[in-house]
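The values are calculated or read from the model by the stated rules, or taken from the named source; none is laboratory data. In this text the structure is predicted, and so the values were computed from the model without any measurement. Every residue, glycine among them, receives a Cβ derived from its backbone with ideal geometry; neighbour counts consider all protein chains shown.
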Amino acid sequence: MSQINHYFFNEFKTLLTEKSKKTIHLNFEEIIQETLERNNLQDNDISNLEEIKDWFNKVYHQSYIDDLIKLYEANEFIIHSPSDIEVHKQDNLNLKVEFLSNEDFVLSLVFLTQKLSVDWNFNSPFASFKNTRVIGGTEVDLRVSLTHPCLSPKSQAKAFLRVHSKEVFKISNFTTDINAQKLMNQLIEDHKNIVIAGSTASGKTSFLRVCKSLCQEGEHHVIIEDVAEIDGDISHSTHLLSHPSEGKSLKDYCSYALRMSPKRIILGEIRSSEVIPFLLAMNTGHKGMMSTIHANSAKDTLLRLTTLFSIFSESKNGIDFDQILRLICQSVDHVVFIENKEIKEIIEVHGSEADRPIYSTLYLLTKKITDHQKGLSTHEDLGDQLLA
């Protein structure tokens, strides 16, 4: 880059930074023109305008995100740094092409969060939000999660991108077993309290949307999320999106929802303190409640809920693990375990004995369950169904 081009580029960046402090609506041509006028230059004095425009698109519009999605058609990307990108497909790729400097990459994320009014700074180093982009004339919804440079010993920001499918899934997308389909329809119709479990990217949220679509039309649903992923007819749904500010957490909204006469409360994901009001609402008679959780199996879900409840309980003396487990097993009716976007297991929760949940398996992907295995009528029958 010639000396004049290098000088002009730095002047452009300086003016861009100045203007971004006053408004989030920035126009490339206007900033170029003002930079030229400030420095008594003409268009033909500068030979790198296209390079500057490409840089502007990457930093201000995050065009590198669009390029990644167009080029690789993957559902998940991890940008560890501008020169280290993971592309999650059937055959995972690791890209080593530097598209921005580290400083400019951070600036691009600052612009992204500013335009969406998302707090992302030293005091709020984690951010997770929905970003709708138009790529090739098509709207694409992303869940963007960011970590701030202040968390890294190398002052490195990271971006985690997940593309939300626009496909409208049906129960048949998650199981071809007619009995399993009928079972899920019946559980929804009977307003059972259901927790959907699975690992990251297993299809939990997509299946939660399917469950919502099976609900009776016209029911009032209160949908509680940190990022909008569950659609709801505005005339029959009340949508609450959490925010870091006081009084707008998932936990707060779980409590508020009880005052809204909901037919169902649907919580996007159980991760922390929201577990307490959500499960207590189940325990006090609210039916048809649904949520998702990260867990390794259906039975592990009950123990994970118990652990979360124990961790976030505000009881000064603590609550006995067995008591919490009993509460949870009295509240949750069924757990559906999802793996690789397929129903692997459905269990019915009956209660607990000491530190072991009592449940019966209604559906297993690998084998059929007999009527005898479904019932737990006598104490002697409990052995096979107790958690080891």
Exercise. Are any of the residues in region 128-135 in contact (Cβ under 8 Å) with a residue 60 or more places away in the chain and of a type in the set (Gly, Ala, Ser)?
Worked result: yes
Exercise. Regarding LEU71, is this residue within 18 Å of PHE9 (Cα to Cα) and either without any contact (Cβ under 8 Å) to a residue 40 or more places away in the chain or of a type in the set (A, V, I, L, M) (or both)?
Worked result: no
Exercise. Out of all the residues in region 110-126, is one or more part of a strand (DSSP E or B) and touching a Ser or Thr at 6+ places or on another chain (Cβ under 8 Å)?
Worked result: yes
Exercise. So which pairs qualify, if the first residue must be in region 6-18 and free of Cβ contacts under 8 Å to residues at least 24 places away in the same chain, the second must be surrounded by 14 or more Cβ atoms within 10 Å (Cβ to Cβ) and in a helix (DSSP H, G or I), the Cβ gap must be under 6 Å, and the two must be at least 6 apart or on different chains?
Worked result: LEU15/ILE31; LEU15/THR35
For this session: Could you please let me know if THR205 is buried (at least 20 other Cβ atoms within 10 Å of the Cβ), in contact (Cβ under 8 Å) with a residue 60 or more places away in the chain and not assigned by TED's automatic domain parsing to the domain that holds PHE129?
Result: yes
Exercise. Restricting attention to region 299-339, and to residues there that are of a type in the set (Asp, Glu) and within 18 Å of ILE194 (Cα to Cα), which single residue is surrounded by the most Cβ atoms within 10 Å (Cβ to Cβ)?
Worked result: ASP333
Exercise. Of the residues in region 289-316, how many are out of contact with any helix residue (DSSP H, G or I) (no Cβ under 8 Å at 6 or more places or on another chain) and over 22 Å from PRO244 (Cα atoms)?
Worked result: 10
Seminar exercise, completed: By residue number, the members of region 340-359 that are at pLDDT 95 or above and of a type in the set (Lys, Arg) are LYS344
Exercise. Where in region 223-314 are there strands (runs of 3 or more DSSP E), lying fully within it, with 1 or more residues that are modelled with pLDDT of 90 or more and under 21 Å from ILE358 (Cα atoms)?
Worked result: 290-294
Problem set entry | Counted residues, region 136-189 - those being in a loop (DSSP other than H, G, I, E, B), closer than 24 Å to VAL106 by Cα, out of contact with any Pro (no Cβ under 9 Å at 6 or more places or on another chain) and of a type outside the set (Gly, Ala, Ser) | 2
Exercise. Is there a residue in region 254-266 that is surrounded by 16 or more Cβ atoms within 10 Å (Cβ to Cβ), in the same structural domain as THR205 (by TED's automatic domain parsing), of a type in the set (D, E, K, R) and within 25 Å of ALA228 (Cβ to Cβ)?
Worked result: yes
Seminar exercise, completed: With the first residue restricted to region 92-114 and required to be farther than 19 Å from PHE160 by Cβ and not assigned by TED's automatic domain parsing to the domain that holds ILE52, and the second required to be of a type in the set (Val, Ile, Thr) and crowded, with 17+ Cβ neighbours inside 10 Å, Cβ contacts under 6 Å at 6 or more apart or on different chains are none
Seminar exercise, completed: Within region 283-334, restricting to residues that are under 25 Å from the mean Cα position of the chain (by Cα) and β-branched (Val, Ile, Thr), the one that is nearest to LEU208 (Cα to Cα) is THR292
Exercise. Only one of (1) outside the structural domain of TRP120 (by TED's automatic domain parsing); (2) under 30 Å from ASN123 (Cα atoms); (3) in contact (Cβ under 8 Å) with a residue 40 or more places away in the chain is not met by VAL222, so which one is it?
Worked result: (2)
